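The values are calculated or read from the model by the stated rules, or taken from the named source; none is laboratory data. The structure presented is a predicted model; accordingly, all values stated were derived computationally and were not measured. FYI the Cβ positions are ideal-geometry reconstructions off the backbone, even for glycines, and counts take in every protein chain you see. Each accessible area value is taken on the protein alone, full model and side chains, heavy atoms only, with ligands, DNA and RNA left out. Shrake-Rupley method; radii C 1.70, N 1.55, O 1.52, S 1.80 Å.
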Amino acid sequence: MQAFDLYAIMPELVLLVATCLLLVASVFVPERVASTPGVEQDIFHTPRGVGFFYFFSIILLAFLIFAFVGRLGDPTLVAMNDLFQSDPLSNLLKACSCGAVLVALIYSKQYLTDRALFRPDFIALALLALLGQFVLISGANLLTLYLGLELMALPTYALVAMRHTQEKSVEAGIKYFILGALASGFLLYGMSMLYGVTGSLDLIEIFKTVADPRINHLVMAFGLVFIVAGLAFKLGVVPFHMWVPDVYQGAPTAVTLMIAAAPKLAAFALLFRLLVNTLLPLLGDWQPMLVLLAVLSLVVGNVTAIAQTNVKRMLAYSAIAQMGFVLLGMLSVFDEHAFSASLFYVITYVLTTLGTFGLLMALSRKGYDCETLDGLKGLNKKHPWYAFIGLVMMFSLAGIPPTVGFAAKLGVLEALVDAEHTFLAIIAVIASLIGAFYYLRVVKVMYFDEPEHEVTVSGSGAARGILGLNAILVLVLGIVPSSLMGLCLDAMRRTLLGS
């Protein structure tokens with residue numbers, strides 16, 4: 001291993017070693033646990049050292065964010081015998097992933113504590129899933145991409161089923177695991193066909209071979225179908241969306257946030273690495289597939305969400321529609337600005353998702369989960385600031401100015417028009433209008449309905465403060481989106497040009 005190899009993978013090594021050391025050290029850290037008289041304490045569920053683990057995890061994630069931000073100006077670096085690449089796009093996505101997990105942990109602390117889930121194993125699984133996202137985002141080889149994908153997926157399966165006393169949670173975990181294994185099989189089969197045609201697992205070598213007109217195009221097309229199917233599952237788009245509503249609803253809200261936020265960034269990276277970095281010469285084959293998946297997701301996601309009364313299930317169908325917009329952004333004209341609209345969209349969607357689920361957890365308390373529309377009724381009369389936060393998040397998801405969701409949707413629509421996909425832009429606008437109904441219904445419930453029960457707000461002062469900053473950031477980036485847009489443009493341009 002050379003020095004530049006070590007430099008390239010240093011953040012991943014730091015995260016892995018730190019997580020393992022924290023997990024071992026937490027066992028030896030004494031922590032006072034409230035005991036119930038006459039009830040024997042379960043040593044496996046005693047939150048021994050969880051405060052220690054949580055505190056140092058926050059510091060670790062903050063350190064990694066600064067490390068990746070400091071690397072944004074670095075040129076593209078391919079290391080570990082061409083298995084791993086560090087480029088501006090990967091550094092930006094990793095910094096955002098760390099930020100998403102950091103905020104999710106802060107939002108989740110009180111929620112998990114009230115449900116006896118605030119344990120070292122929860123935080124360790126979240127950090128290991130983040131490590132998988134790092135490997136996936138920087139994969140320069142089909143083998144690396146698959147290992148990163150599985151390292152990200154396996155901890156999330158365990159997180160979903162962690163509340164083992166709840167039937168819905170266990171059922172959601174089983175569904176997620178089985179369908180995830182099926183999607184991995186699709187992806188592996190597609191990758192094997194790529195390897196069979198090109199004779200290489202390296203993304204750059206595959207790109208060069210695919211560009212050769214003498215290759216067996218029929219086998220490549222079949223392999224592409226399986227790869228797109230696997231990618232569609234990871235993004236949760238129609239018709240591979242069946243796991244999304246059940247997992248979102250069945251998992252604890254804190255776990256739902258872990259699935260709904262940072263993994264979307266890694267899924268975008270996988271989409272970009274396989275379709276753009278590797279299979280760009282087959283653009284005419286995979287773009288029509290994305291068109292079909294995007295249109296179906298926009299229509300099915302938005303229409304089905306109207307019938308939902310469970311907020312988490314509604315947000316699941318909303319996520320399906322939002323990922324349809326991400327796919328539309330992948331239809332851009334191939335120039336130095338290509339695909340940056342999709343990158344900007346997925347980053348801003350993660351930002352809004354953090355605030356939305358953070359609000360749901362703030363409105364939950366011990367023995368009660370705020371998951372239905374009834375739980376949001378009359379919120380403005382009791383807590384106007386939190387009702388305003390909910391309004392900002394719903395407006396952003398709906399794409400209403402001056403929130404960042406409007407800027408994101410406008411960027412994708414402009415990219416579609418520039419690529420002469422005007423009809424698709426019209427479909428996207430109509431689908432957004434349909435989706436605005438159920439987002440505005442949430443606002444109506446918060447501001448105009450009478451509360452049916454006591455509305456309380458939980459969470460630490462830090463969680464409440466960051467939730468407020470989250471809402472302000474959604475507004476500020478909507479009014480002045482140029483800074484983040486410029487960052488996405490620069491990262492995408494330099495990654496595509498290899499500079």
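Some notes on this structure:
- Cα-based reach from Lys264 at 15 Å (exclusive), listing aspartates and glutamates while leaving out same-chain residues under 8 positions away: Glu150
- Positive end of the dipole of segment 69-129 (Cβ unit charges, origin at the Cα centre): among Leu77, Leu92, Phe122, the Cα lying farthest that way belongs to Phe122.
- Translational diffusion coefficient (Stokes-Einstein; Kirkwood radius from C-alpha pairs) of segment 386-499 at 37 °C, 0.692 mPa s, in µm²/s: 200 µm²/s
- Our coupling estimate for segment 300-308, obtained by passing each phi through the Karplus curve with A = 6.51, B = -1.76, C = 1.60 and θ = phi - 60°, is 5, x, 6, 5, 5, 4, 4, 7, 8 Hz, Gly and Pro reported as x.
- Protein-only accessible surface at a 1.4 angstrom probe places the residues Tyr345, Tyr146 in the order Tyr146, Tyr345, largest first.
- The aspartates and glutamates whose alpha-carbon is closer than 14 Å to the alpha-carbon of Lys444, local same-chain residues fewer than 8 away aside, are Asp374.
- Taking N as the residue count of segment 100-175, its C-alpha radius of gyration divided by 2.2 N^0.38 Å amounts to 1.21.
- Over segment 288-387, the alpha carbon radius of gyration divided by the compact-protein estimate 2.2 N^0.38 Å works out to 1.32.
- Across segment 250-255, coupling constants 3J(HN,Hα) worked out from phi with the 6.51/-1.76/1.60 Karplus curve, θ = phi - 60°, read x, 6, x, 4, 4, 6 Hz, and Gly and Pro carry x.
- Ranked by solvent-accessible area (1.4 Å probe, protein heavy atoms only, all chains present), the residues Thr353, Thr456 order from largest to smallest as Thr456, Thr353.
- Each of Glu171, Glu12 has its accessible area taken with a 1.4 Å probe; listed largest first, they run Glu171, Glu12.
- Here the 3J(HN,Hα) profile of segment 386-398, calculated from phi with Karplus coefficients 6.51, -1.76 and 1.60 at θ = phi - 60°, is 6, 5, 5, 4, x, 4, 4, 5, 5, 4, 5, 5, 7 Hz, Gly and Pro shown as x.
- Non-local Lys pairs in segment 300-423, i.e. 8 or more apart or on different chains, that have alpha carbons under 25 Å apart: 8
- Ligands, DNA and RNA aside, Asp82 has an accessible area near 80 Å² when probed at 1.4 Å.
- Global geometry of segment 70-226, whether rounded, prolate or oblate, following the gyration tensor of its Cα atoms and the 1.5 cut on a/c: oblate
- Interchain or long-range residues, amide H under 5 Å from Gly459's placed H: none
- In this structure the amide hydrogen of Leu77, modeled in the peptide plane, comes within under 5 Å of the amide hydrogens of Ser86, Asp87, none closer than 5 places in sequence on its chain.
- Amide hydrogen neighbours beyond the local backbone of Thr372, cut-off 5 Å, H modeled: Val311
- Per-residue SASA entry for Asp418, accessible area with 1.4 Å probe, Å² rounded to 10: 110 Å²
- Histogram of C-alpha separations across the chain, 10 Å bin width, %: 4, 20, 31, 27, 13, 4, 1, 0
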